[in-house]
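Only one structure is covered here, and it is reproduced in the block below.
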Amino acid sequence: MRERLAVVVQGRGSRRRAAFAHGLWAGAEVAVTLGIVVLLLVVHQLWWTNRQARVGAEHKVRALEQEWGTPPGEEQDISGGSGETLPGAAVPGEPESPGPEPGPPSRPKPRWDQAYAVLRIPRLGVVAPVAQGIAKRGVLDKGYVGHYPGTAQPGEAGNFAVAGHRNTHGEPFRHINRLREGDQVQVETREGVYLYVVDRGIAQTSPRDTGVIARIPRSIVKPSAGYSEPGYYLTLTTCTPEFTSTYRLVVWGKLKAMRPRRS
């Protein structure tokens, strides 16, 4: 007798299970692909942008140092030795002094996006170029520290206010929350080096708190934070909490000494 092959007829249930399995497999492939894309984006943001920005910033610092050439001379303490009013600063209740300020003579304003100074924070190991303006593309995303237009220049009376990224793109201000009273911040320009000493700060305030970068820095959100007298101030600002831009972290300092560059 000739044998016959068995004929298997696939029912609707089997076809549905096969379609379901195929759908699961396709969904898994899509999820894996999306996961890889997200991972690459994270790597790009957290590693590659930092690497690119840091390399570029380090190159700019070396270029500025070579351009300036001569080293600074002797350090001059301009704090009066015991917290006295700085020469040229106004005293409350008295007219502003017409005398010279301890900073450099008037100089041309830096060109927009131009790096013209170097900021150093020894405690944190930070060395970053300072450029005019706070635009992301032209300044901050290059790993630079950005100078707020309209605020004082290094060594001048008023408030030398700057901003920097806390995360990605070089993140020069990643750890400024670790700065404590008495820590030093140095700003070097073509004219010399200006030594600021950290004095106080605000752990969190609104992005609209423009008082923190005023000539006499004082928070308009937290009026108890800040100063009430004219002086020679430094303001560092960055976003907080980390990986967000919800609030601003602020660190303030006062000018302690300067070292003019040798002629």
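With each label point set 7 Å from Cα along the Cα-Cβ vector, what nm distance links LEU124 and VAL197? Those two pseudo-labels are separated by 2.0 nm. By the beta-carbon count within 10 Å of each Cβ, the least crowded to most crowded order of LEU119, LEU249, fewest first, is LEU249, LEU119. Ordering VAL118, VAL61, VAL139 by the number of other Cβ atoms within 10 Å of each residue's own Cβ, fewest first, gives VAL61, VAL118, VAL139. Using the alpha carbons alone, the radius of gyration of region 111-192 stands to its Kirkwood radius in an Rg to Rh ratio of 0.94. Ordered by the number of other Cβ atoms lying within 10 Å of each residue's own Cβ, fewest first, LEU140, LEU124 fall into the sequence LEU124, LEU140. Taking amide hydrogens as placed 1.01 Å from N in the peptide plane, the amide H of GLY158 sits under 5 Å from those of GLY231, TYR232, TYR233, each at least 5 positions away in sequence or on another chain. Full extension of the chain between GLN114 and GLU58 gives 18.7 nm of extra length, using 0.36 nm per residue less the Cα-Cα distance. Hey, with R₀ at 25 Å, roughly what FRET efficiency would ILE216 and ARG178 work out to, going by the Cβ-Cβ distance, to 0.05? Computed FRET efficiency for ILE216 and ARG178 comes out at 0.45.
For region 129-263, the calculated P(r), taken from all Cα-Cα distances in 10 Å bins from zero up to the bin holding the longest distance, is 13, 45, 35, 6, 0 percent.
Distance between the modelled labels on ARG16 and GLU29, one decimal in nanometres: 2.5 nm (7 Å Cα→Cβ projection).
None of the figures in this text is laboratory data; all of them are computed from the coordinates on show. Model, not experiment: these values are computed from the prediction. Heads up, the Cβs are rebuilt from the backbone with ideal geometry, glycines too, and the neighbour counts pull from every protein chain shown.
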